[in-house]
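Worksheet: one structure, shown below.
The values are calculated or read from the model by the stated rules, or taken from the named source; none is laboratory data. Owing to the predicted nature of the structure, the values given are computational and were not obtained by experimental measurement. A quick note on method: Cβ atoms are made from the backbone with ideal geometry, for glycine too, and the neighbour counts reach across all protein chains shown.
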Amino acid sequence: MHVETAPPAGGGRRSHRLRLAGDLLLIVGGLLLAYPFWSAAYAQVQQSRLDSTYREQSAAFVETITATVDTRPRGLSDEQLLRRLAARFERGLKPGEPIGRLRIPRIGVNRLVQQGVGGRLAMDPDGDRSLLHSGPVHYAVTPLPGAGEPFAVSGHRTTYGAPFYKLDKLRKGDPIFVETPYGKFRYAVAKTTTVSPSDVGVLRDRGYGLVLTTCTPPYSAKQRLIVWATLEKARPLKAAKSR
């Protein structure tokens, strides 16, 4: 007569733990694989929010400029007028608020750029980290377009919509457009370089109107890819030139 015996209690617990560990690994793996997708969706939602804010902000700025245009000194050049308008727009601008729209036709970029943090956190890598989840960010230690050189912008390369994923595809002469509530700017790519993450000298180079930065190689923060561009054309807000 055959008598069945129960398996050791320890073996059952061990099997349960293995199954649980396997399930956890599958969940973690799924989350990691889905990360680029849900982070991109988050960035898209944030860009929509920024767009709404930007429209309201632009309308308010245009209204203010139109109301005071007759008090502006006569005979200002476009360059002088843009400096005045940029300074006026920057007053009260807070971190996370939209500055303008960045368009790079060759690589399909069309994103709103946010103002970065200032003060002691302006050069801290973690200072703008959360803002970058919503789109490109302006280094607040550099001037706004039209206010000086260079207007420097950072963006993600592989997550949160990866706006700067194809930044390395840009070639000399490629156009880059920046539109703000006070003026429109056209730049042309001059060169690309690679520097270490600690090299902040690129933010102080006055020989270029626009500097774009991102991590390189993809999925690594080992170095920074830098795109340098020169200003080709700048046009002030039409309402500010009206008489």
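Listed here are the residues, each with its yes/no results for (1) closer than 30 Å to Asn110 by Cβ; (2) among the aliphatic types (A, V, I, L, M); (3) modelled with pLDDT under 65.
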residue	(1), (2), (3)
Val28	no, yes, yes
Tyr35	yes, no, yes
Ser39	yes, no, no
Ser52	yes, no, no
Arg55	yes, no, no
Ala59	yes, yes, no
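Taking Gly161 as the residue in question, decide whether it is out of contact with any Leu (no Cβ under 9 Å at 6 or more places or on another chain), surrounded by 14 or more Cβ atoms within 10 Å (Cβ to Cβ) and at positive phi. Against the criterion (out of contact with any Leu (no Cβ under 9 Å at 6 or more places or on another chain), surrounded by 14 or more Cβ atoms within 10 Å (Cβ to Cβ) and at positive phi), Gly161 qualifies.
Checked against (1) under 15 Å from the mean Cα position of the chain (by Cα); (2) of a type in the set (A, V, I, L, M, F, W, C); (3) more than 30 Å from Thr68 (Cβ to Cβ), Val195 meets all criteria but (1). Counting only residues that are out of contact with any Lys or Arg (no Cβ under 7 Å at 6 or more places or on another chain), in a strand (DSSP E or B) and small (Gly, Ala, Ser), segment 142-186 holds 2 of them. The numbered conditions (1) assigned to a helix (DSSP H, G or I); (2) closer than 30 Å to Leu131 by Cβ; (3) modelled with pLDDT of 60 or more are all true for Pro95 except (1). Among the criteria (1) modelled with pLDDT of 95 or more; (2) out of contact with any Ser or Thr (no Cβ under 9 Å at 6 or more places or on another chain); (3) in a helix (DSSP H, G or I), the one Arg103 does not fulfil is (3).
Would you be able to say whether some residue in segment 166-176 is surrounded by 22 or more Cβ atoms within 10 Å (Cβ to Cβ) and within 25 Å of Leu76 (Cβ to Cβ)? No, segment 166-176 contains no residue that is surrounded by 22 or more Cβ atoms within 10 Å (Cβ to Cβ) and within 25 Å of Leu76 (Cβ to Cβ).
Beta carbons closer than 7 Å, at least 6 apart along the sequence or on distinct chains, pair a first residue in segment 178-190 that is over 10 Å from Leu231 (Cα atoms) with a second that is among the β-branched types (Val, Ile, Thr) and crowded, with 23+ Cβ neighbours inside 10 Å for Thr180/Ile99. If the condition is being assigned to a strand (DSSP E or B), farther than 15 Å from Thr142 by Cα and hydroxyl-bearing (Ser, Thr, Tyr), then segment 200-229 contributes Thr214, Thr216.
On the basis of being modelled with pLDDT under 90, in contact with a helix residue (DSSP H, G or I) (Cβ under 9 Å, 6 or more places away or on another chain) and more than 22 Å from Tyr165 (Cα to Cα), does Arg72 make the cut? For Arg72, the condition - modelled with pLDDT under 90, in contact with a helix residue (DSSP H, G or I) (Cβ under 9 Å, 6 or more places away or on another chain) and more than 22 Å from Tyr165 (Cα to Cα) - is met.
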